[in-house]
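Asks: The following block contains the structure, expressed as structure tokens.
The values are calculated or read from the model by the stated rules, or taken from the named source; none is laboratory data. Only a predicted model underlies this, so the values are computations on that prediction, with no experimental measurement involved. Because the Cβ atoms are built from the backbone with ideal geometry, glycine has one as well, and the counts that use them run over all protein chains shown.
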Amino acid sequence: MKIVRLLILLVFLLAGLVIGSLNSQPIVINFGVSALATTSGIAIIVSLFAGVVIGAALMLTLVAIPLYARLRRANKAANAVGVPVSSHLQAMDGR
């Protein structure tokens, strides 16, 4: 599984290098109060990375944290009733 992740990472890294090299036209991004001069390839890569970071942050705040809170409440309720709870967590691999 680690090899598959490494291969996927290398494919995306190679795609980023290709995008950056094929899109070398200079552009100016105007923010109203300031301007940023860069190439279109870097702008594409940065915007894609920003989308990944924003999407991951949304998933963390809207899905993972509430599920973890529900799990903690369920464990507290199970401990109050006296049901034995496993001390180790099993890895979830989607199967």
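Asks: Name the single residue that is farthest from residue 23 (Cα to Cα) among those in the range 66-79 being loosely packed, with under 11 Cβ neighbours inside 10 Å and of a type in the set (A, V, I, L, M, F, W, C).
Replies: Going through the qualifying residues, I end up with 77.
Asks: When only residues in the range 14-39 that are of a type in the set (Ser, Thr, Tyr) and at pLDDT 90 or above count, which is farthest from the chain's Cα centre (by Cα)?
Replies: 34
Asks: Quick check on residue 69: is it among the small types (Gly, Ala, Ser), modelled with pLDDT under 90 and not in a helix (DSSP H, G or I)?
Replies: Judged against the criteria, residue 69 is not a match.
Asks: All but one of (1) in a helix (DSSP H, G or I); (2) surrounded by 10 or more Cβ atoms within 10 Å (Cβ to Cβ) hold for residue 4; which doesn't?
Replies: Residue 4 satisfies all of (1) in a helix (DSSP H, G or I); (2) surrounded by 10 or more Cβ atoms within 10 Å (Cβ to Cβ) except (2).
So that you can scan it fast, the table gives a plain yes or no per residue for (1) surrounded by fewer than 13 Cβ atoms within 10 Å (Cβ to Cβ); (2) part of a helix (DSSP H, G or I); (3) charged (D, E, K, R); (4) touching a Lys or Arg at 6+ places or on another chain (Cβ under 6 Å):
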position: 24; (1), (2), (3), (4): yes, no, no, no
position: 28; (1), (2), (3), (4): yes, no, no, no
position: 36; (1), (2), (3), (4): yes, no, no, no
position: 44; (1), (2), (3), (4): no, yes, no, no
position: 53; (1), (2), (3), (4): yes, yes, no, no
position: 56; (1), (2), (3), (4): yes, yes, no, no
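Asks: Still on this structure, I have one more. Just to be sure I understand the filter: pairs with C-beta atoms under 7 Å, separated by 6 or more residues or on different chains, first member in the range 1-24 and closer than 16 Å to residue 45 by Cβ, second member in a helix (DSSP H, G or I) and aliphatic (A, V, I, L, M). Which pairs pass?
Replies: 16/45; 19/44; 19/45; 20/42; 20/45; 23/44
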